[in-house]
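Asks: First the structure, then my questions, so here it is.
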Amino acid sequence: MIRTDRLKYVSFKKVYNLIRILCGYYISLIIKKSIVWGYPYSITTEPTNQCNLNCLECPTGNKSTKVAKGKMNFNNYKKIIDEVKGFIIYQMLYFQGEPFLHPDLFKMIKYSDDNNIYTAISTNGHFLTPENSVKIIKSGLKRIIISVDGTSQKSYEKYRVGGKLNDVLKGIQNLANAKKVFKSKYPKIIIQFLVFSHNEQDISEIKTLSKKLFANKLEIKSAQINQSENFSLIPKTKKYARYKKINSKYYIKSKLRNKCFRLWSTIVVTWNGLVIPCCFDKHNNYKMGNIISSDTLKIWGSEEFNNFRNALLKNRKGIEICCNCSEGLCK
């Protein structure tokens with residue numbers, strides 16, 4: 001649960017909190033009622049939901065969302081961190097959008113790192129200039145996930161519409177070079193490859209390419225499909241397909257169980273301060289509260305949040321955002 005490179009961000013207080021989280025979670029599974037004894041040990045914070053690309057299945061990129069666009073105010077960001085820093089071990093500084101479009105991104109990362117929070121971001125990789133690469137290292141960022149969904153421009157831009165593969169590969173090289181110059185082992189460079197029908201033939205080559213780029217890890221992942229017109233993107237190789245076809249309809253392969261540890265361990269905050277239950281709530285349909293007008297940890301234990309947890313414990317299939325989760329099957 002806690003990786004070795006995050007141990008320096010762990011304190012007795014945080015471990016005790018984690019134990020309380022686990023106890024409350026497992027008791028909740030037994031009695032089918034939400035018991036929350038701890039605070040979140042992980043947080044997802046959205047710097048901005050604006051993006052420079054138009055990816056086919058991203059609500060921001062394909063413009064299917066009605067969520068207002070904007071950037072998180074730095075003072076609001078500090079408020080969040082100040083309220084949760086005693087419990088949070090890990091932060092994903094990303095939700096929707098491209099984080100490097102936020103002018104205060106490096107200040108955000110450094111503020112979290114200074115407050116003993118292991119911080120990671122996910123990016124499309126178009127802003128990894130030599131200058132930004134140096135700023136990334138100085139900010140204290142510990143992990144960067146870079147999307148590379150193809151080894152040729154043709155296969156890459158099929159999904160990453162508007163993207164330029166060469167710019168991304170050059171950016172990864174810039175970051176790897178900066179790490180060498182500063183003799184830094186951070187950030188860990190993770191190349192993420194989403195498998196589609198048009199790029200599954202690139203899997204062997206991306207394995208070779210990631211080594212040439214000195215990536216610390218390659219993650220090959222199944223892709224989430226929300227729009228029926230994009231079912232053609234589902235790869236033919238069953239190993240990499242998140243879905244299976246039954247009577248001309250597509251379903252998640254795994255069985256949906258009435259449990260989800262994320263709701264007891266992770267809090268998600270959007271750019272404008274909304275707290276939502278999960279990163280699958282792309283359209284912000286389930287609002288638990290707003291950190292601008294309330295305390296973050298009060299929202300975590302609020303009646304609204306516990307009602308959502310109770311609904312999941314009783315019938316997860318009845319919650320729309322759960323129906324495309326990698327663990328789920330909805331009929």
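The values are calculated or read from the model by the stated rules, or taken from the named source; none is laboratory data. Just so it is clear, the model here is predicted, and its values are computed rather than measured. No Cβ is skipped: glycine too gets one built from the backbone with ideal geometry, and neighbour counts run over all protein chains shown. For the accessible areas, the whole protein counts, side chains as well, though only heavy atoms, and no ligand, DNA or RNA atoms are used. Shrake-Rupley method; radii C 1.70, N 1.55, O 1.52, S 1.80 Å.
Asks: First select every other residue whose beta carbon is under 10 angstrom from the beta carbon of residue 295; then total the charges, Lys and Arg +1, Asp and Glu -1. List each step's numbers first, then the result.
Replies: Values: positive: 79, 298; negative: 83.
That sum, taken over residues with Cβ under 10 Å, equals +1.
Asks: In a solvent-free Debye calculation with one equal scatterer on each Cα, what is log10 I(q)/I(0) for the range 249-292 at q = 0.33, 0.34 Å⁻¹, listed in the order of the q values?
Replies: -1.20, -1.22
Asks: With viscosity set to 1.567 mPa s at 4 °C, what whole-number translational diffusion coefficient in µm²/s follows for the chain from Stokes-Einstein and a Kirkwood radius over Cα pairs? Display every interim value, and only then the final one.
Replies: Working: Rh = 20.8 Å.
It comes out at roughly 62 µm²/s.
Asks: Which of the lysines could a cross-linker bridge to residue 244, judged by Cα under 21 Å and excluding same-chain residues fewer than eight apart?
Replies: 221, 236, 253, 255, 317, 331
Asks: Taking the range 1-133 on its own, what percent of its Cα-Cα pair distances exceed 23 Å? Intermediate values should be presented prior to the final figure.
Replies: On the way: 3973 of 8778 pairs.
So the portion of pairs separated by more than 23 Å is 45 percent.
Asks: Please state, as a whole number in µm²/s, the translational diffusion coefficient that the Stokes-Einstein equation yields for the range 168-244 at 4 °C and 1.567 mPa s, with Rh defined as the Kirkwood radius across alpha carbon pairs.
Replies: Working: Rh = 14.0 Å.
Diffusion coefficient, whole number: 93 µm²/s.
Asks: Defining a contact as two alpha carbons under 8 Å apart and six or more residues distant in sequence, what relative contact order in percent does the range 1-99 show?
Replies: On the way: 118 pairs, mean separation 35.7, N = 99.
Relative contact order comes out at 36 percent.
Asks: If you don't mind, there's one more thing I want to ask. For the range 118-212, would you read off the P(r) tail past 19 Å as a percentage of all alpha carbon pairs? Spell out each step's value before the answer.
Replies: Values: 1709 of 4465 pairs.
Roughly 38 percent, once rounded to a whole number.
Asks: A follow-up question, please. Taking a cut-off of 12 Å between Cα atoms, list the aspartates and glutamates near residue 180, but don't count ones fewer than 8 places away on the same chain.
Replies: Once the sequence-local aspartates and glutamates are set aside, nothing remains near residue 180.
Asks: Provide the per residue accessible area, probe 1.4 Å, for the range 206-331, rounded to a whole number of square angstrom. Display every interim value, and only then the final one.
Replies: Numbers: 6670 Å² over 126 residues.
I get 53 Å² per residue for the range 206-331.
Asks: Something else about it: Work out how far the C-alpha atoms of the range 61-144 reach from end to end along every principal axis, then list the three figures in whole Å, largest first.
Replies: 37, 31, 19
Asks: Indicate the helices, whole DSSP H runs only, in the chain that combine a mean Kyte-Doolittle hydropathy of 1.0 or more with a Cα extent along their long axis of 27 angstrom or more. Show your work: numbers first, answer last.
Replies: Numbers: long enough: 12-31 (29 Å, 1.12).
Length and hydropathy pass: 12-31.
Asks: Express as a percent, rounded to the nearest 5, the fraction of DSSP beta bridges in the chain (both residues included) that run antiparallel. Walk me through the numbers before you get to the answer.
Replies: Numbers: 9 of 34 bridges.
In the chain, DSSP labels about 25 percent of beta bridges as antiparallel.
Asks: Would you mind working out the magnitude of the charge dipole of the range 215-310 relative to its Cα centre, with +1 at each Lys and Arg C-beta and -1 at each Asp and Glu C-beta, to the nearest 20 Debye? Let's see the in-between values first.
Replies: Details: 18 positive and 6 negative charges, 187 e Å.
The dipole of the range 215-310 has a size of about 900 debye.
Asks: Determine the relative contact order of the chain: mean sequence separation of Cα pairs under 8 Å and six or more apart, normalised by residue count, in whole percent.
Replies: Working: 618 pairs, mean separation 63.4, N = 331.
Relative contact order comes out at 19 percent.
Asks: How large is Rg over Rh for the range 187-303, taking Rg from the Cα atoms and Rh as the Kirkwood inverse mean of 1/r across Cα pairs? Spell out each step's value before the answer.
Replies: Values: Rg = 18.6 Å, Rh = 17.4 Å.
Result for the range 187-303 is an Rg/Rh of 1.07.
Asks: Where does the chain land at 222 nm, in deg cm²/dmol rounded to the nearest 500, when only DSSP H runs of n ≥ 4 count, each adding -39500 (n - 2.57), divided by all residues? It would help to have the intermediate numbers written out before the result.
Replies: Numbers: 10 runs with 107 residues, N = 331.
Value at 222 nm, helices only: -9500 deg cm²/dmol.
Asks: Quick one: Cα convex hull volume of the range 182-227, Å³ per residue?
Replies: Numbers: hull volume 3.9 nm³, N = 46.
Given the Cα convex hull of the range 182-227, per-residue volume reads 85 Å³.
Asks: Can you list the lysines whose alpha carbon sits under 22 Å from that of residue 185, skipping same-chain ones fewer than 8 residues off?
Replies: Here the lysines satisfying the reach criterion relative to residue 185 are 8, 107, 110, 135, 138, 142, 170, 207, 211, 212, 217.
Asks: Sticking with this structure for a sec: Taking the Cα centre of the range 202-254 as origin and charging only Cβ (+1 Lys, Arg; -1 Asp, Glu), how large is the dipole, in debye to the nearest 20? Walk me through the numbers before you get to the answer.
Replies: Details: 13 positive and 4 negative charges, 61 e Å.
The calculation lands at about 300 debye.
Asks: About the Cα centre, and with charges only on the beta carbon of Lys, Arg (+1) and Asp, Glu (-1), how big is the dipole of the chain? Nearest 20 debye, please.
Replies: On the way: 56 positive and 24 negative charges, 214 e Å.
Roughly 1020 debye for the chain.
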